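J.: So that we are looking at the same thing, I have put the structure below in structure tokens.
The values are calculated or read from the model by the stated rules, or taken from the named source; none is laboratory data. Note that this is a predicted model, so its numbers are computed, not measured. With ideal geometry, Cβ positions are generated from the backbone for all residues, glycine too; neighbour counts draw on all protein chains shown. Note: areas computed on protein heavy atoms with side chains; ligands, DNA, RNA excluded. Shrake-Rupley method; radii C 1.70, N 1.55, O 1.52, S 1.80 Å.
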Amino acid sequence: DTLSLHEALPSWSNTGSQSGCARDESGLRQRLHDEELRWQLVLDANNDGIFDWDIQRSTTFRSRRWKEMLGYAPGELSETQDLWKELIHPDDLQSVQEKLEAHLRKETEYYSAEYRLRAKDGSYRWILDRGRARWDEKCRPIRLVGSHTDIDRLKKTEEELRKSQEFLAAVVQNSNELITIVDARGIVLFHNNLIESMLGYKPEDRVGKSVLDLVYPEDLPVAVATMADILTKPVSSVTVRFRHADGTLRYLEALGTNLIDNPSVKGIVIHSRDVTAAKEAEGKLLRQSEELAKAKEQAEAADRAKTEFLAMMSHEIRTPMNGVIGMTNLLEDTPLDARQREFLATI
């Protein structure tokens, strides 16, 4: 300013010197003007808003960009420091003040806070506020200079990501299938909550242990082979018996998907369904079929005299059976999933 300019100029005692002084003053003014323009260009080109808080006077310089972030024109905001507090979201004010006061007490080297400021249209925008204070010889804060960075889009993206993660977590935890993630060695990285109702174990108790530990010994070779197979294939499935925490066995039909190379998963995702009831029904049906065959043989051996009767009955049975078998053969030629084909093979 003019006062500083005159204070910076030397005193001259003669007219000639005063003429030289005038030339020096003019050059100095020009240099000061050029320097002011240079710094104004820096402020205008900076994507961050710059502020300079005079703590003793409680006034604050705010750059054009600082005001533009909130939708204000250069002359629309007062230079009082109280204005800043009025613009902060009420839920953020206490946290921001605590961080600022801690810095002014020299407890932190820099002041930094993320919070929301009210824009001209009434909405709130997230900003990153960073600064550093200066203190006088008595350690009293006299000035704080810093910047505001607009992080509204980043914070909203983070919030959307958080909600997406919560949604996916809820889907996984409430799935009607047991979802397990293991590494290449079969070590459990994750179990959803269904493991507790399906096998009687708490998810956290199984993390870090081999998924093969619970496989019934007789089924272990096929389970190990499937684990090796899935490391070279994208998808593989197997049905094996697992030990329940109460000592009983459960048949689990498992489908594994190799996502080890996926940076978001880095493991094998296994979807398992309890098919114990189906397997027991299948076994019961097989036993019944065997018993019927044995009874038929015994009846044929015990009563050869009833050949004609048996031939007639055989005809009566065979006719619908042929129809069933024929229709079954036709059914085999239709699109079927793995479970339907297994049932059809049993038939």
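J.: If you average the sequence gap of Cα pairs under 8 Å that are 6 or more apart and divide by the length of the chain, what percent do you get for the contact order?
T.: Working: 436 pairs, mean separation 29.0, N = 347.
Dividing the mean separation by the residue count of the chain yields 8 percent.
J.: Leaving out ligands, DNA and RNA, and with a 1.4 Å probe, what % of the accessible surface on the chain is carbon or sulfur?
T.: Heavy-atom surface of the chain belonging to carbon and sulfur, 1.4 Å probe: 55 percent.
J.: Hey, another quick one. Select from Ala293, Ala73, Ala311 the residue whose mean-square fluctuation is largest in a Gaussian network model of the chain (Cα-Cα springs shorter than 10 Å).
T.: Ala311
J.: Starting from the range 63-105, pick out the trypsin sites (Lys or Arg not before Pro) whose DSSP state is loop and whose Cβ has at most 14 other Cβ atoms within 10 Å.
T.: Working: sites: Arg64, Arg65, Lys67, Lys85, Lys99, Arg105; in loops: Arg105.
Within the range 63-105, the qualifying trypsin sites (Lys or Arg not before Pro) (loop, at most 14 other Cβ atoms within 10 Å) are Arg105.
J.: Can you figure out the FRET efficiency of Ser58 with Leu161, using R₀ = 35 Å and their beta-carbon distance, to the nearest 0.05?
T.: 0.30
J.: Which value, in debye to the nearest 20, gives the size of the charge dipole of the chain about its Cα centre, when Lys and Arg are +1 and Asp and Glu are -1 at the Cβ?
T.: 280
J.: Using only alpha-carbon positions, what ratio does the radius of gyration of the range 126-179 give when scaled by 2.2 N^0.38 Å?
T.: The reported ratio for this selection is 2.18.
J.: Hey, another quick one. If you take the charge dipole of the range 99-168 about its Cα centre, with +1 on Lys and Arg Cβ and -1 on Asp and Glu Cβ, which of Leu168, Ser123, His103 is farthest toward its positive end?
T.: His103
J.: For the range 129-209, which GluC sites (Glu not before Pro) pass both filters: DSSP loop (anything but H, G, I, E, B) and at most 11 other C-beta atoms within 10 Å?
T.: Those that pass, being in a loop and sparsely packed, are Glu137.
J.: Then there's this: How big is the convex hull of the Cα atoms of the chain, per residue, in Å³?
T.: Per residue, the Cα convex hull of the chain comes to 275 Å³.
J.: Expected output is a single nm value to one decimal: the length gained when fully extending between Ala170 and Arg132, i.e. 0.36 nm times separation in residues minus the C-alpha distance. What is it?
T.: Residue separation times 0.36 nm, minus the Cα-Cα distance, leaves 9.4 nm.
J.: If you only keep lysine pairs separated by 8 or more in sequence, or across chains, how many in the range 226-333 come under 20 Å at the Cα atoms?
T.: Values: Lys233/Lys266; Lys284/Lys294; Lys284/Lys296; Lys294/Lys306; Lys296/Lys306.
So the count works out to 5.
J.: Please give me, ordered by residue number, the trypsin sites (Lys or Arg not before Pro) of the range 170-229 that lie in loop per DSSP and have at most 11 other Cβ atoms within 10 Å.
T.: Arg185
J.: Next question, about the same structure. I want to verify the translational diffusion coefficient of the range 191-314 in µm²/s; compute it with Stokes-Einstein, Rh as the Kirkwood radius over Cα pairs, at 25 °C and 0.890 mPa s.
T.: Numbers: Rh = 17.8 Å.
The calculation lands on 138 µm²/s.
J.: Please report Rg over Rh for the range 287-347, where both radii come from the alpha carbon positions and Rh follows the Kirkwood definition.
T.: Using only Cα positions, Rg/Rh for the range 287-347 is 1.13.
J.: At a temperature of 10 °C and a viscosity of 1.306 mPa s, determine how fast the range 151-223 diffuses translationally according to Stokes-Einstein, using the Kirkwood radius over alpha-carbon pairs as Rh; express D in µm²/s, rounded to the nearest whole number.
T.: 111
J.: Quick check for me: using +1 on Lys/Arg Cβ and -1 on Asp/Glu Cβ, what's the dipole size of the range 244-339 about its Cα centre, in debye to the nearest 20?
T.: 140
J.: Okay, next question. Report, by chain and number, residues whose modeled amide H sits under 5 Å from the one on Val240, excluding near sequence neighbours (fewer than 5 apart, same chain).
T.: Here Leu252, Ala254 satisfy the definition.
J.: Give me the distance between the Cα centres of the range 176-207 and the range 252-305, rounded to whole Å.
T.: 23
J.: Divide by every residue of the chain the summed helix terms, -39500 (n - 2.57) for each DSSP H run of at least 4, and state the resulting mean residue ellipticity at 222 nm, rounded to the nearest 500 deg cm²/dmol.
T.: Rounded to the nearest 500, the figure is -15500 deg cm²/dmol.
J.: Among Thr307, Thr59, Thr80, which one moves the most in a GNM of the chain with springs linking Cα atoms closer than 10 Å?
T.: Looking only at Thr307, Thr59, Thr80, the largest GNM fluctuation is found for Thr307.
J.: Mind listing the phi-derived Karplus ³J(HN,Hα) values for the range 289-303, rounded to whole Hz, using 6.51, -1.76 and 1.60 with θ = phi - 60°, and x for any glycine or proline?
T.: These are the phi-based 3J(HN,Hα) values: 5, 5, 5, 5, 5, 5, 4, 5, 4, 5, 5, 5, 6, 7, 9 Hz.
J.: Same structure again: Heavy atoms only, 1.4 Å probe, whole protein assembly: order His315, His148, His244 by accessible area, highest first. Please report the intermediate quantities before stating the final value.
T.: Working: His315 105, His148 5, His244 30 Å².
Descending accessible area places them as His315, His244, His148.
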